[in-house]
Amino acid sequence: RAKEDGRGRVVAFDDELDIERQETKAAEDRLKQALAQGDITVVYQPLVSARDGRLTGVEALARWPAAPDGIGPEIFIPLAEKSGLIDSLFFTVLCQAVEGVKVWPDLELSVNISPIQLCNPEFGKRVAAVIADEAFAADRLILEVTEGVLIAQPEQARRAIDGLRAIGVRFAMDDFGAGHASIGMLRHFGFEKVKIDRSVVALQDPVLLKAIIELAAALQIPVTAEGIETEEQARLAREAGCEQLQGYLVGAPLSLDELIALKDGVQRRTGTSRH
Ligand code: C2E
Ligand code: MG
Ligand code: MG
Ligand code: MG
């Protein structure tokens, strides 16, 4: 084929690949630098009770305000995974978030982990050390995980999950219903929470929602609906039996200052104090 296309095209193709590789390398270097300089920040998306709308938790989401070309987590998380920076990114997010929300003992904290992190035998110990250092109650922490390596390295992942679970950390299956079915994973790893992916929520299909929730209920796992953008979606999720809602309708990701204002406002209205 190379001959048919002629030398010129083959060379041009090689050049293109080379440029792509160089760009990836440059982005990796910048991410590494951003992590070293403290340029990765955290925003907090509200998780509310489906029953009464009360704020029960927040999900920490990584942000890179000065990212090249304004790339978001869907680009820089895979970049961090490929370049060995994912642990550094995760612990940056975990430390910042634990520090940020520790003043509110009633608030749960969800943090995303990349499944490959569970293959690192040091992972559990390092998480335990962070929460111990900050005197953060382990049962406030929920680690959100998608499938992936759970399937590739189930025994190693199991050990990491069981170790953290023994100290009180809980695990949520994230993005349920997107991509590969993970019904077997739900049972095998004993997740404490299932988060229905927003692509499923967007279908607005009550039969489908109820089927997922019945499955989770049979396994005694509470369900959160992600990506709730409309009143109709909130109503369907509530009626199907979701315990918790998350999405732009109930709250966009907030800076720590915005979260403080929200918590203070709520507490002032209900007559309790932060101190
Ligand atoms: P996720 O864990 O499923 O997080 C929810 C994503 O949906 C967030 O995107 C959030 O901003 C977005 N979202 C929330 N409500 C709505 C809504 O109503 N409509 C729509 N269209 N979107 C909504 P974000 O922050 O861009 O993060 C994307 C993904 O990147 C996350 O999906 C998570 O898998 C990953 N991610 C983010 N931060 C971290 C991190 O610190 N570590 C790891 N490993 N992954 C992370
Ligand atoms: Mg998540
Ligand atoms: Mg999700
Ligand atoms: Mg996701």
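The values are calculated or read from the model by the stated rules, or taken from the named source; none is laboratory data. Just so we're clear, the structure is a prediction, and the values are computed from it rather than from any experiment. Counting neighbours? That spans all protein chains shown, and the Cβs are built from the backbone with ideal geometry, glycine included. Remember, those area values only see protein heavy atoms, side chains included, never the ligands or the DNA or RNA. Shrake-Rupley method; radii C 1.70, N 1.55, O 1.52, S 1.80 Å.
Observations, loosely collected:
Here's the yes/no breakdown for (1) without any contact (Cβ under 8 Å) to a residue 12 or more places away in the chain; (2) closer than 30 Å to Ala240 by Cα; (3) over 23 Å from the mean Cα position of the chain (by Cα); (4) within 16 Å of ligand 2 (Cβ to nearest atom):
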{"site": "Asp18", "(1), (2), (3), (4)": "yes, no, yes, no"}
{"site": "Arg21", "(1), (2), (3), (4)": "yes, no, yes, no"}
{"site": "Leu31", "(1), (2), (3), (4)": "no, no, no, no"}
{"site": "Ile40", "(1), (2), (3), (4)": "no, no, no, no"}
{"site": "Tyr44", "(1), (2), (3), (4)": "no, yes, no, yes"}
{"site": "Leu61", "(1), (2), (3), (4)": "no, yes, no, yes"}
{"site": "Gly70", "(1), (2), (3), (4)": "yes, no, no, no"}
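- Ala128 vs. criteria in contact with a helix residue (DSSP H, G or I) (Cβ under 6 Å, 6 or more places away or on another chain) and more than 12 Å from ligand 1 (Cβ to nearest atom): no
- Residue among Glu122, Glu108, Glu147, Glu155 that is modelled with pLDDT under 95, within 16 Å of ligand 1 (Cβ to nearest atom) and charged (D, E, K, R): Glu147
- Within the range 199-273, helices (runs of 4 or more DSSP H) holding 1 or more residues that are within 16 Å of ligand 3 (Cβ to nearest atom): 206-218, 231-240
- Complete set of residues in the range 144-162 that are surrounded by fewer than 17 Cβ atoms within 10 Å (Cβ to Cβ) and assigned to a helix (DSSP H, G or I): Ile151, Ala152, Pro154, Glu155, Gln156, Arg158, Arg159, Asp162
- Only one of the numbered conditions (1) touching a strand residue (DSSP E or B) at 6+ places or on another chain (Cβ under 9 Å); (2) away from ligand 2 (no atom under 16 Å from the Cβ); (3) open to solvent by 10 Å² or more (accessible area, probe 1.4 Å) is not met by Met185, and that is (2).
- Matching residues in the range 201-222 - criterion: being buried (at least 20 other Cβ atoms within 10 Å of the Cβ) and either among the aromatic types (Phe, Trp, Tyr) or within 16 Å of ligand 4 (Cβ to nearest atom) (or both): Val201
- Residue satisfying all of: in the range 226-252; open to solvent by less than 40 Å² (accessible area, probe 1.4 Å) and not small (Gly, Ala, Ser); farthest from Ile40 (Cα to Cα) among these: Leu236
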